[in-house]
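Encoded as structure tokens, the structure appears first; notes follow it.
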Amino acid sequence: MNATTGNDAHDDAESVDWAALAPEGGDRIAPLLAEVTRSDTALSELHDIIAFPAPGHTAAPKAVDHLVDAACSPLTPATDRWRPLSLLLELVSPHAEDLFPEPRDLGQWRDEVAWIATTDIAKVHEQYRAWVEEAPDEQQRWRMRNRLDVLELPEGPALLQAELDTFEAVRARVPDLLELLKGASNRGGLDRAGEWVSYVLAFLTPDADRIVAGITGSSQMLLARDLRPTRQTASGLRGIMDQALEGGSEPLPAELFALGLLAGPDDIDLTVALTHQMAGGNLYNSFAASVALVLIHGPDTPREALRRVGRGGGTTSGYEGLFNESWPHCGPRSPRVLGFLALGRAGDRARRLRLDILLGLIKDEDDSRALVTGVGLELVLGPRAKGFTAEEHVQAEYDEEILKVLWAIAELPAGAWEDEGFRETLAAWALPQDPEEFRALVGVEAEPEVVEASAPTGRPEPTGPPQGGILGRLFGGGR
């Protein structure tokens, strides 16, 4: 029996026909599960077999219980619990970029998978291609594009079914996973179980209420709420205080991340608690709480929360360091990329803040450049579905916000322009895919021209931007 759920014991890993579930590498799953808490190599190999959308992902739903059992087992040292939890994180967020800023609708997801299973695959492909083209925004486009890519694989429909089944299997173990938020051994040190399990739980949005209750009960952050006489007995109060002394009084930045994705704006007590964290002396918790408030309140975000997020970006840690401390790294997507996408939940209220983050992402995030460039162009120019023309860009009088984004693109090194996805993104907004043509359009030169020395005239030569392109039109001489 499981200590927290009362479920029957799961099948021994050796008794499962893994080869039938995962023809490629399935015979290795049982021994890898036996080693997953102790070996980075076993973790990596198991990930390669069952991660979405590898062919062996059809075995992932069956592997979930074994991974949760391994993480929760009292025989597993606290320092080793992160390994199975890190794989669970990859299984619940295989395409994290299409989960932000708005969470996935589980009912719609179930309906889609059921429709795929009962529909001719050619018709399914046709419909998803149409959904990609008709997507109203970049998030929906990535969601449809990612699913189409999987559907075009030989076992695409089965893999999408397994993705959903895996998600449901993790949801079924929420009570067990919440136990890993408790105790000093799970909350202290590097690669702590409490941090990793917070990341996993954050993506289980259909279970938001019970997860939020579990997270707030794991620390003293909401102690004032729990101490209300109508809610607690004397023995209950002692239990809470004992837990606080045991190491649970300080919320983990990852818990604040999870609260931002799961909590609702009607929970006034939680908003007050996050506000206290935002104003506290812990830089990382202050930043994480500020971001959480933005995600919870969206367009109604208090101005102070936005200001605190921006102030964090100006510290020596910067956005990269602060997001790295509290947000997960899911596949190729860095925490800063996911944070940038998620802040879109606040709409125009977070516009300037997102633009501030975007400029660094365009420059630094090679693996996500096409993604962030598309979202950035959508932010300043409007959705790609609006339909742009090259002539429109030539004639446009763009403001400083738009120009900053275009200049950041223009200044990218030659290697960035070799990325096909990046070039396709530019083409979607009818922007030049050739770096020289792009620079000419926006008035940026790759290298300064060599000018022969001339006799001094008593007046300095102008050193402003070139006279052509958007830059010239904005500052004069380009018409």
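The values are calculated or read from the model by the stated rules, or taken from the named source; none is laboratory data. Computed from a predicted structure; not experimentally measured. Please note: Cβ atoms are built from the backbone with ideal geometry, for glycine as well, and neighbour counts cover all protein chains shown. These accessible areas exclude ligands, DNA and RNA; they are computed on the full protein's heavy atoms, side chains included. Shrake-Rupley method; radii C 1.70, N 1.55, O 1.52, S 1.80 Å.
Table: residues versus (1) farther than 22 Å from E304 by Cα; (2) more than 14 Å from the chain's Cα centre (by Cα).
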| residue | (1), (2) |
| --- | --- |
| L341 | no, no |
| R345 | no, no |
| R349 | no, yes |
| K363 | yes, yes |
| G382 | yes, yes |
| V394 | yes, yes |
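Could you check the stretch 101-194 for helices (runs of 4 or more DSSP H) lying wholly inside it with 2 or more residues that are surrounded by 18 or more Cβ atoms within 10 Å (Cβ to Cβ) and among the basic types (K, R)? If you could, list the steps in order and put the result at the bottom.
Details: elements: 106-117, 121-134, 138-151, 156-171, 174-178, 184-187.
So the answer is 138-151.
Return the only residue of G313, G298, G264 being in contact (Cβ under 8 Å) with a residue 40 or more places away in the chain, under 30 Å from R423 (Cα atoms) and over 14 Å from the mean Cα position of the chain (by Cα).
Only one candidate qualifies: G313.
If you go through the stretch 401-436 one residue at a time, how many are among the acidic types (D, E) and free of Cβ contacts under 8 Å to residues at least 24 places away in the same chain?
4
Can you pull out the residues in the stretch 122-173 that are without any contact (Cβ under 8 Å) to a residue 40 or more places away in the chain, hydrophobic (A, V, I, L, M, F, W, C) and touching a helix residue (DSSP H, G or I) at 6+ places or on another chain (Cβ under 7 Å)?
V124, W131, V132, M144, L148, L151
Go through the residues of the stretch 407-422 one by one and say whether even a single one is open to solvent by less than 30 Å² (accessible area, probe 1.4 Å), modelled with pLDDT of 90 or more, assigned to a loop (DSSP other than H, G, I, E, B) and over 17 Å from T389 (Cα atoms).
Kept after step one, since they are open to solvent by less than 30 Å² (accessible area, probe 1.4 Å), are these residues of the stretch 407-422: 408-410, 412, 416-417, 421-422.
Of the ones still in play, those that are also modelled with pLDDT of 90 or more are 408-410, 412, 416-417, 421-422.
Filter once more, keeping what is assigned to a loop (DSSP other than H, G, I, E, B): 412.
Subset that is over 17 Å from T389 (Cα atoms): 412.
Yes, the stretch 407-422 has at least one match.
Quick check on my filter: what residues within the stretch 316-326 are open to solvent by less than 10 Å² (accessible area, probe 1.4 Å) and under 13 Å from the mean Cα position of the chain (by Cα)?
Passing the criteria: F323, S326.
Please enumerate the residues belonging to the stretch 380-398 that are outside any helix (DSSP H, G or I) and either touching a residue at least 60 places away in the same chain (Cβ under 8 Å) or closer than 18 Å to L341 by Cβ (or both). Can you show your working first?
To start, the set of residues in the stretch 380-398 that are outside any helix (DSSP H, G or I) comprises 382-383, 387-389, 396-398.
The answer is G382, P383, A396, E397, Y398.
Given the criteria crowded, with 20+ Cβ neighbours inside 10 Å, within 22 Å of A410 (Cβ to Cβ) and of a type in the set (A, V, I, L, M, F, W, C), does I296 qualify?
No; evaluated as a whole, the condition is false for this residue.
Is it fair to say E90 is touching a His at 6+ places or on another chain (Cβ under 7 Å) and of a type outside the set (S, T, N, Q)?
yes
Taking the stated definitions as given, is L431 at pLDDT 95 or above, in a loop (DSSP other than H, G, I, E, B) and crowded, with 19+ Cβ neighbours inside 10 Å? Break it down into steps so the answer makes sense when it comes.
On the way: at pLDDT 95 or above: yes; in a loop (DSSP other than H, G, I, E, B): yes; crowded, with 19+ Cβ neighbours inside 10 Å: yes.
Here the answer is yes, as L431 does meet what is asked.
For the stretch 241-257, check the following and say yes or no: at least one residue is at pLDDT 95 or above and either among the polar types (S, T, N, Q) or open to solvent by 50 Å² or more (accessible area, probe 1.4 Å) (or both).
No, the stretch 241-257 contains no residue that is at pLDDT 95 or above and either among the polar types (S, T, N, Q) or open to solvent by 50 Å² or more (accessible area, probe 1.4 Å) (or both).
With the structure loaded, tell me whether D137 is closer than 17 Å to L85 by Cβ and at pLDDT 95 or above or whether it fails that test.
Considered against the rule, which asks whether it is closer than 17 Å to L85 by Cβ and at pLDDT 95 or above, D137 comes out as no.
Table: residues versus (1) hydroxyl-bearing (S, T, Y); (2) buried (at least 22 other Cβ atoms within 10 Å of the Cβ); (3) more than 25 Å from A258 (Cβ to Cβ).
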site	(1), (2), (3)
L32	no, yes, yes
I50	no, yes, no
S73	yes, no, no
P84	no, yes, no
D98	no, no, no
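Which members of the stretch 332-366 meet the condition of being in contact with a Ser or Thr (Cβ under 8 Å, 6 or more places away or on another chain) and open to solvent by 30 Å² or more (accessible area, probe 1.4 Å)?
P332, R349 - these are the residues of the stretch 332-366 that are in contact with a Ser or Thr (Cβ under 8 Å, 6 or more places away or on another chain) and open to solvent by 30 Å² or more (accessible area, probe 1.4 Å).
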